[in-house]
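Rule-based calculations on the coordinates, nothing more; no lab input. Because the structure is a prediction, the values reported are computed rather than measured. Neighbour counts are summed over all protein chains in view; Cβ atoms, including those assigned to glycine, are modelled from backbone coordinates with ideal geometry.
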Amino acid sequence: ATEFSAARAWGVLERIAGDQAPHGVGTAANAAVRERIAAELEALGLEVERQAAIACRGVTCAPVVNLVAEVPGSHAGGPAVLLTSHYDSVHAGPGVADDLHGVAIAVETARALLAGERPVHPVRILVDEGEEVGLLGATAFVEQHPRAREIAVVVNAEARGTTGLSSMFETSDGNAALVSAYL
């Protein structure tokens with residue numbers, strides 16, 4: 001019960017994908033996907049915050065609603081780990097690979113963490129909206145969420161291509177220890 005299960009994550013993916021209709025930012029289909037994701041997190045006993053914001057990057061702006069939940073750590077306060085993915089799709093596709101699979105990974109990770117000993121640091125789950133139109137949900141979280149500054153490490157489960165093995169394709173400076181652990 002305390003181990004991550006790809007089979008359980010697959011079940012989450014099937015439930016949140018629903019009819020696999022495209023669900024671009026601002027659509028009723030997207031709102032339905034968002035509520036299915038919130039229900040999955042709430043079924044784990046997590047409180048789900050809906051961060052509603054207007055976000056802009058360059059000349060692109062949109063209203064977004066991010067979902068934020070947290071698996072508490074054993075130490076109050078301190079830095080948090082952010083596990084993030086996005087739920088919107090392009091307007092022409094179902095968004096299962098990009099990025100509902102990442103959402104399913106986050107839900108199953110939260111489930112496994114809750115089943116075992118509490119992690120030392122809190123693990124915050126961010127499922128954001130507006131990624132396909134310019135990272136708007138992530139921008140809203142970083143610029144507007146009051147707890148964004150508490151994040152020390154970010155793991156973003158995202159798609160890159162449609163074939164081949166899973167891999168880490170991007171990191172930031174100063175992450176030698178994380179890359180070593182990944183290897």
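Which residue, Val154, Val71, Val25, tops the fluctuation ranking in a GNM of the chain built on C-alpha contacts under 10 Å?
Val154
Run the quick spin-label model on Ala28 and Tyr182: label points 7 Å from Cα toward the beta carbon, then report their separation in nm to one decimal.
Taking the two extended label points, one gets 4.1 nm.
Can you list residues from other chains, or at least 5 along the same chain, whose modelled amide H is less than 5 Å from the amide H of Thr84?
Counting only residues 5 or more places away or on other chains, the set is Leu126, Val155, Asn156, Ala157.
Students often check this: by mean Cβ neighbours within 10 Å, which of 35-46, 99-110 ranks highest, and how do the rest follow?
Ranking the peptides 35-46, 99-110 by packing returns 99-110, 35-46.
So between Asp173 and Arg118, what do we pick up on full extension, going 0.36 nm a residue minus the alpha carbon distance?
Taking Asp173 through Arg118 to full extension adds about 16.9 nm, to one decimal.
Please figure out what share of the DSSP beta bridges in segment 1-136 is antiparallel and state it in percent, rounded to the nearest 5. Can you show the working numbers first?
Numbers: 14 of 20 bridges.
Roughly 70 percent of the beta bridges in segment 1-136 run antiparallel, per DSSP.
Collect residues whose amide H, placed 1.01 Å from N in the peptide plane, falls under 5 Å from the amide H of Gly95; neighbours closer than 5 in sequence don't count.
Val90
Rounded to the nearest angstrom and ordered from largest down, what semi-axes does the equivalent ellipsoid of segment 1-133 get from its C-alpha gyration tensor (root of 5λ)?
Taking √(5λ) for each eigenvalue gives 25, 18, 11 Å, largest first.
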